[in-house]
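Undergrad: Structure below; questions to follow.
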Amino acid sequence: MSPRVLVLNGPNLNMLGVRQPEVYGRNSYADIVAVCERAAEARGAVAEVRQTNDEAEMIGWIHAVAREKSFDAIVINPAAWTHTSVALADALVIPEVPVFEVHISNVHAREAFRHHSYVSPIAAGVIAGFGIAGYGHAVDRAVDRA
Ligand code: CA2
């Protein structure tokens, strides 16, 4: 069966391209979906890309991966939850699949509160500051590890 990668996006990423192009570029959320799907397809894999502004929904999706064994790897841009959510980091270890953390911007070159991630310690890899191309690299690596 083709490797399956679940790509999760946290709060406000649906607004990409609408505000703050100087930080996040001019790409839209639809462009993220296209980058992920193309990267997966190039490797004979499948990427399912989702976004939510509701932390409970995000955690529910992660629990479903554990229950249904529906994906081989997770790529996640947790957005602001990166810096705030122990609950999300705890959930991400439950499915026992490799997790890759993506940030569009270089969080380390921004405000101090963005320098800490609750997700990085449990991630197999972290990519930041490569714009939406970072998603393509993460999906590629997720397929390697699937
Ligand atoms: O660089 C990233 O990908 C971030 O995960 C994006 C998050 C931010 O909280 C993280 O520190 C870094 C914010 C996503 C919000 O995206 C917006 C989109 C349009 C307008 C404003 C924000």
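Taken together, the values in this text are just the output of simple stated rules run on the coordinates, not laboratory data. Nothing here was measured: the structure is a model prediction, and the numbers come from that model. When we count neighbours, we look across all protein chains shown, and the Cβ atoms used for this are built from the backbone with ideal geometry, even at glycine.
Undergrad: Could you tell me the relative contact order of the chain? Use alpha-carbon pairs under 8 Å, at least six residues apart, and round to a whole percent. Don't skip to the end; give the middle numbers.
TA: Values: 283 pairs, mean separation 44.7, N = 146.
Value for the chain: 31 percent.
Undergrad: Using just the Cα positions, wrap the stretch 51-96 in a convex hull and report its mean projected area in square nanometres, one decimal place.
TA: Details: hull surface 12.1 nm².
For the Cα atoms of the stretch 51-96, the hull's average projected area reads 3.0 nm².
Undergrad: If you average over every viewing direction, what projected area does the convex hull of the Cα atoms of the stretch 1-55 give, in nm²? Walk me through the numbers on the way to the answer.
TA: Working: hull surface 16.9 nm².
The directionally averaged projection comes out at 4.2 nm².
Undergrad: Additional query: How much net charge surrounds G136 when only other residues with a Cβ under 14 Å from its Cβ are counted (Lys, Arg +1; Asp, Glu -1)? Present the calculation step by step, with values, prior to reporting the outcome.
TA: Values: positive: R38, R43, R141; negative: D31, E37, E41, D140, D144.
Charge balance in the 14 Å sphere: -2.
Undergrad: If you don't mind, another one. Restricting things to alpha carbons, tell me how big the stretch 4-145 is in terms of Rg and Dmax, in Å.
TA: That works out to 13.8, 40 Å for Rg and Dmax.
Undergrad: While we're here: Kyte-Doolittle mean at least 1.0 and Cα extent at least 18 Å along the axis: which DSSP H helices of the chain qualify?
TA: Details: long enough: 29-42 (20 Å, 0.58); 55-68 (20 Å, 0.07); 133-145 (19 Å, -0.58).
Helices meeting the criterion: none.
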